[in-house]
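The values are calculated or read from the model by the stated rules, or taken from the named source; none is laboratory data. In this text, all values refer to a predicted model and were calculated from it rather than measured experimentally. In this analysis, Cβ positions are derived from the backbone assuming ideal geometry, glycine residues included, and neighbour counts consider all displayed protein chains.
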Amino acid sequence: MKMIVIGSPGSGKTYLSQIICQRLDLPCLHLDVIWHDMDYSSQAEERFGQLLFEFMQGHERWLIDGNFQNSLAIRLAEADHVVWLKRPRVFNLLRVLKRSLLFAFSSSSRPEMPKTFKESLDRDYLTFLAFVWQFSKSYPAMEKQLQSYDGKVSVLRSKKEMDAFLTSLTSLATD
C-alpha cells in the first residue's frame with residue numbers, strides 16, 4: 001500500500017498518519033519534517049524533491065503525510081490511496097493554536113519536528129494562521145489534481161469518520 005494523507009494544517013494529518021503507519025507497519029514520511037529542517041531556499045526545494053523521490057523509490061510500501069501541492073502529482077502517480085482530511089476551518093485553526101502553545105512550552109509536544117524548528121508569534125506566524133483559515137480556497141486545485149487520480153480517495157470530515165476509517169484499515173491493507 002502507498003498512501004498519501006492531505007488536509008489543512010491542524011486537521012490531524014500527522015496524528016492519523018502515525019496511527020496508520022503503526023498499525024500497517026508502513027514507512028512514514030512527514031513532509032513538514034523535511035521542509036522545516038531546511039532553509040526554505042530554491043536549493044532547499046530541489047533537495048526536498050530529491051528526498052521525496054528517494055523515499056518513494058526506496059520503499060515498496062509507504063505513507064506520505066503533507067500537502068505541498070508542487071509535489072502532489074508525483075505522489076499521486078505512485079499512490080494507491082489518498083486520505084483527505086476536510087475538517088472545519090475553525091477546528092483546524094484552534095488545533096494549530098493549541099499545538100503552537102504546547103510547542104512553546106515544550107518542544108517534546110511535537111517530537112517528529114526537527115530540532116531546528118522554531119515558532120514565534122511574528123508576521124510569518126500570522127501569515128501561516130491566515131493560510132490555515134483560507135486553506136479551503138486551495139480545494140479546487142487539489143480536486144483538479146485528484147480528478148485524474150485512479151486510486152481510492154477517502155474524505156474524512158470528523159473524528160467519527162476518522163475512527164471508522166481506522167477501524168477499516170485491515171481490509172484496506174489487503175485490497
Quiz item: Of all residues in the stretch 152-168, which are under 18 Å from the mean Cα position of the chain (by Cα) and either surrounded by 12 or more Cβ atoms within 10 Å (Cβ to Cβ) or outside any helix (DSSP H, G or I) (or both)?
Solution: 152, 153, 154, 155, 156, 157, 158, 161, 162, 165, 166
Quiz item: Hey, which of the strands (runs of 3 or more DSSP E) in the stretch 1-80, taking only ones fully inside, have at least 2 residues that are buried (at least 16 other Cβ atoms within 10 Å of the Cβ) and in contact with an Asp or Glu (Cβ under 6 Å, 6 or more places away or on another chain)?
Solution: 2-7
Quiz prompt | Given (1) touching a Leu at 6+ places or on another chain (Cβ under 9 Å); (2) outside any helix (DSSP H, G or I), number of the condition residue 129 does not satisfy | solution = (2)
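For (1) farther than 21 Å from residue 4 by Cα; (2) at pLDDT 85 or above; (3) aliphatic (A, V, I, L, M), each residue gets a yes or a no:
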residue	(1), (2), (3)
91	yes, yes, no
98	yes, yes, no
102	yes, no, yes
110	no, no, no
121	yes, no, yes
125	yes, no, no
133	yes, yes, no
Quiz prompt | Within the stretch 139-149, tally of residues that are modelled with pLDDT of 85 or more and part of a loop (DSSP other than H, G, I, E, B) | solution = 1
Practice problem: Those residues that are at pLDDT below 95 and hydroxyl-bearing (Ser, Thr, Tyr), I need them from the stretch 9-21; list them, please. | Solution: 14, 15
Exercise. Search the stretch 10-43 for residues being among the polar types (S, T, N, Q) and touching a strand residue (DSSP E or B) at 6+ places or on another chain (Cβ under 8 Å), and hand back the single one that is farthest from residue 133 (Cα to Cα).
Key: 18
